[in-house]
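A quick write-up on the structure given underneath.
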Amino acid sequence: MNINNTITLTNGTEIPVLGYGTWQTTDFEECVNGVKSALTAGYRHIDTAQMYGNEHLVGEGIRQSEVPREEIFLTSKLDNTNHGFVKTKKAIDESLNCLGVKYLDLFLIHWPVVEGHEHNWREENIETWRAIENAYDAGKLKAIGLSNFKVEHLENLLPHCRIKPMVNQLRLHPGVMQEETVALSREHGMAIQAWSPLSPISRMQDNERINDMTDKYKKSIAQLLLRYSLQKDYISLTKSVHEDRIKENFEIFNFTIDQSDMEYLDLWKWEGDVFL
Ligand SMILES: NC(=O)c1ccc[n+]([C@@H]2O[C@H](COP(=O)([O-])OP(=O)(O)OC[C@H]3O[C@@H](n4cnc5c(N)ncnc54)[C@H](OP(=O)(O)O)[C@@H]3O)[C@@H](O)[C@H]2O)c1
């Protein structure tokens, strides 16, 4: 992370290290107001997806905020029903129309393996990526990448890429480290984005060591988890529909978690199943 709280992707694009997520926000008021509140609070990075069904609302929130489009880093992701060269090409134009923008700052393949396509995901990802590369060449997408691609999926796709993916967006937080995938992605130049960084909140509330940390840093558990994510060199995505939490989650640039507390969080165990 540099002084502007951004990371530079391999093609020179600057991406703010904290993004406002919009998953599970399909209510008009919640989504439009959430995006506006985030932009007012200082976020300049918004994450949506075709699958969230809210691109039109995210676009509306951006327009209502009156923050100039060029100041905002805007990401969307390909729906699972749109894999393949022809469908992907069309879906990118649909995202641009829905959002009401001329370009996206980042576009990702949301999931590598689509239900019902377990037999042909290898070929399909290669074709999908080819359409994404073409849209990048055409200037519709300023940066391109992947999401939820694990080692097997990366090893299949990477040898066929004319333009290397610049990002891999993964579920990452204490208890979910995905070390091998992170290492391989970084080896190939990808920046790492972390989704659902606040997942452990409820499980950490009665933890004495965590409560000591909230006292010591004078920060909430949410702020600790987001700061942890930044100190792991992830680009962290967080979502709230509440203005006070949106602001709280942005106040993470004025403290540093020390090494021993980072190590504690690195080793914290998630009990039970976790969806990846
Ligand atoms: N690539 C993928 O497959 C994928 C998957 C999932 C998510 N994502 C992206 O990543 C973004 C972040 O993930 P996420 O939505 O799971 O976000 P998150 O920030 O990890 O968690 C959001 C949840 O935490 C609550 N919350 C937010 N701030 C809080 C605070 N300060 N204190 C207590 N609770 C708080 C929210 O509730 P309230 O809204 O009620 O405040 C919401 O229930 C998504 O929105 C989406 O854009 C990508």
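The values are calculated or read from the model by the stated rules, or taken from the named source; none is laboratory data. Given the structure is predicted, the values throughout are model-derived calculations rather than measurements. Heads up, the Cβs are rebuilt from the backbone with ideal geometry, glycines too, and the neighbour counts pull from every protein chain shown. Only protein heavy atoms, including side chains, enter the accessible area calculation; ligands, DNA and RNA are left aside. Shrake-Rupley method; radii C 1.70, N 1.55, O 1.52, S 1.80 Å.
Based on this model, can you work out whether L106 counts as under 19 Å from A194 (Cα atoms), open to solvent by less than 30 Å² (accessible area, probe 1.4 Å) and touching a residue at least 60 places away in the same chain (Cβ under 8 Å)? It is true that L106 is under 19 Å from A194 (Cα atoms), open to solvent by less than 30 Å² (accessible area, probe 1.4 Å) and touching a residue at least 60 places away in the same chain (Cβ under 8 Å). For beta carbons closer than 6 Å, sequence separation of 6+ or different chains, a first residue in the stretch 156-177 that is hydrophobic (A, V, I, L, M, F, W, C) and a second that is near the ligand (Cβ under 10 Å from one of its atoms), the qualifying pairs are V167/Q193; L172/A194.
With respect to E123, determine if the residue is surrounded by fewer than 18 Cβ atoms within 10 Å (Cβ to Cβ) and charged (D, E, K, R). Spelling it out, E123 is indeed surrounded by fewer than 18 Cβ atoms within 10 Å (Cβ to Cβ) and charged (D, E, K, R).
Just the residues that are more than 10 Å from the ligand (Cβ to nearest atom) and in contact with an Asp or Glu (Cβ under 8 Å, 6 or more places away or on another chain), please, taken from the stretch 229-244. The answer is none; no residue qualifies.
Condition first: of a type in the set (S, T, N, Q), more than 19 Å from I109 (Cα to Cα) and within 14 Å of the ligand (Cβ to nearest atom). Now tell me which residues in the stretch 171-207 satisfy that.
Of the residues in the stretch 171-207, the ones of a type in the set (S, T, N, Q) are 178, 181, 185, 193, 196, 199, 202, 205, 207.
Going one step further and asking which of them are more than 19 Å from I109 (Cα to Cα), we end up with 199, 202, 205, 207.
S199, S202, Q205, listed by residue number.
Of a type in the set (A, V, I, L, M, F, W, C), within 8 Å of the ligand (Cβ to nearest atom), outside any loop (DSSP other than H, G, I, E, B) and touching a residue at least 24 places away in the same chain (Cβ under 8 Å): does that describe L224? Against the criterion (of a type in the set (A, V, I, L, M, F, W, C), within 8 Å of the ligand (Cβ to nearest atom), outside any loop (DSSP other than H, G, I, E, B) and touching a residue at least 24 places away in the same chain (Cβ under 8 Å)), L224 does not qualify.
Residues that are out of contact with any strand residue (DSSP E or B) (no Cβ under 9 Å at 6 or more places or on another chain) and at pLDDT below 95 do occur in the stretch 55-67.
None of T88, T75, T22 is away from the ligand (no atom under 15 Å from the Cβ) and buried (at least 18 other Cβ atoms within 10 Å of the Cβ) except T88. Taking K239, is it of a type in the set (D, E, K, R), in contact (Cβ under 8 Å) with a residue 12 or more places away in the chain and over 27 Å from E29 (Cα atoms)? No; evaluated as a whole, the condition is false for this residue.
The set of residues in the stretch 245-276 being within 20 Å of V17 (Cα to Cα) and assigned to a helix (DSSP H, G or I) consists of R245, I246, K247, E248, N249, F250, M262, L265, D266.
Enumerate the pairs (first residue in the stretch 180-193 and of a type in the set (S, T, Y); second residue anywhere and within 13 Å of the ligand (Cβ to nearest atom) and open to solvent by 30 Å² or more (accessible area, probe 1.4 Å)) with beta-carbon separation below 9 Å, excluding pairs fewer than 6 apart on the same chain, so at least 6 apart or on different chains. Once the first residue is of a type in the set (S, T, Y) and sits in the stretch 180-193, its partners that are within 13 Å of the ligand (Cβ to nearest atom) and open to solvent by 30 Å² or more (accessible area, probe 1.4 Å) give T181/K150. Select from the stretch 1-30 the residues that are within 17 Å of the chain's Cα centre (by Cα) and among the hydrophobic types (A, V, I, L, M, F, W, C) and write down the one among them that is farthest from V101 (Cα to Cα). Per the criteria, the residue is M1.
In the stretch 39-53, how many are under 15 Å from the mean Cα position of the chain (by Cα) and aliphatic (A, V, I, L, M)? So the count comes out to 3.
If you check N134, N148, N168, N125, which single one turns out to be away from the ligand (no atom under 16 Å from the Cβ) and either at pLDDT 95 or above or not β-branched (V, I, T) (or both)? Answer to the selection: N134. The set of residues in the stretch 206-243 being surrounded by fewer than 17 Cβ atoms within 10 Å (Cβ to Cβ) and closer than 23 Å to Y52 by Cβ consists of V241, H242, E243.
So, V114, is that one touching a helix residue (DSSP H, G or I) at 6+ places or on another chain (Cβ under 9 Å), farther than 30 Å from L226 by Cβ and open to solvent by 50 Å² or more (accessible area, probe 1.4 Å) or not? So V114 fails the test.
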